[in-house]
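Down below is the structure, laid out as C-alpha cells.
The values are calculated or read from the model by the stated rules, or taken from the named source; none is laboratory data. Treat the numbers as computed from the prediction; the structure is a model and nothing was measured. Here the Cβ positions follow ideal geometry from the backbone for every residue, glycine too, while neighbour counts run over all protein chains shown. Just so you know, the surface numbers come from the protein's heavy atoms only, side chains and all, with ligands and any DNA or RNA stripped out. Shrake-Rupley method; radii C 1.70, N 1.55, O 1.52, S 1.80 Å.
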Amino acid sequence: GVIQTKSTTRTNQIDVSVNIDVDYGSFGDIVAVTITPTSSSNKIMIMYTVSGSGDQGNHGVTTIKRAISGGSTSYPALGDSASGFHRASTGTRFIGGNNYNISTQSFHFLDSPSTTSAITYTVVGATEGANTWHINSNGENHSGAGWSTRFCTSITVMEVKP
C-alpha cells in the first residue's frame, strides 16, 4: 500500500538550454520533490510530467536525479548504454512547421533507494545542441497571441510497501 505521497508543481516558465552531450550533473533542474522513507525496504514510485515548447527538429530529454541526504547522487532510470547513444528516462522531438511546438513528457518509475534518509528527486533536462526548451510555455515563450498558453509541470512521489 501507499504510505505517503509528496508532490511539487511548477507553474512558472523556465528555459532549459543545456546540451545533451554534457554530464547528467550539468542538466538543467526542472522540478524537484523531497521524501523521507519510513523503511529502507520500501520503494518510491516516481511520476512526472513536463510540458513546453522547443525549436522544430530538435530533441528534449529528461531524466530523474536522486540525491540522498548525506549520501550519493545518482540517476536511477536511464536507457541502456550503447555506443553512439545518449541515455535518458524519456524524450521528445519538437516537430512541426515552426518553433511553436508543444510537447509533453510523462514518465513513471519504481525506485528502490534502500534508505530512510531524505531523498530529493529532481527532473533534469537537456536538449540537442543546447537549443532552448521553454518549460511551461509555448511558442518560444511568445505572449499576446490567441494561442499563447502557460502550462504546469509536476513531480509526485509515493512511498509504497512491497
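The table for this structure:
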| quantity | calculated |
| --- | --- |
| Mean separation of Cα contacts under 8 Å (6+ apart) over length of the chain, as relative contact order % | 45 |
| Per-residue SASA entry for residue 111, accessible area with 1.4 Å probe, Å² rounded to 10 | 10 |
| HN-Hα J in Hz across segment 154-162 - Karplus 6.51, -1.76, 1.60, θ = phi - 60°, x for Gly and Pro | 9, 9, 10, 10, 10, 7, 10, 8, x |
| Probe 1.4 Å, all protein chains present, accessible-area order of 133, 147, largest first | 147, 133 |
| 159, 128, reordered so the largest accessible area comes first (probe 1.4 Å) | 128, 159 |
| Rounded accessible area of residue 161 (nearest 10 Å², 1.4 Å probe) | 130 |
| Aspartates and glutamates whose Cα lies under 14 Å from that of residue 6, excluding same-chain neighbours fewer than 8 positions away | 159 |
| Per residue accessible area in Å² of the chain, where ligands, DNA and RNA are left out and the probe is 1.4 Å | 47 |
| Probe 1.4 Å - accessible area at residue 59, Å² to nearest ten | 80 |
| Label-point gap, in nm, between residue 83 and residue 7 - each point 7 angstrom along Cα→Cβ | 4.6 |
| Accessible area, probe 1.4 Å, largest first, for residues 66, 10 | 10, 66 |
| Radius of gyration, Dmax [segment 27-100; alpha carbons; angstrom] | 15.7, 51 |
| Potential lengthening between residue 104 and residue 34 on full extension [0.36 nm per residue; Cα-Cα distance subtracted] | 22.9 nm |
| Accessible carbon and sulfur surface of segment 1-89 relative to its total accessible area, %, 1.4 Å | 45 |
| Binned Cα-Cα distances of the chain, short to long, each 5 Å bin given as a whole percent | 2, 9, 18, 20, 18, 14, 9, 6, 3, 1, 0 |
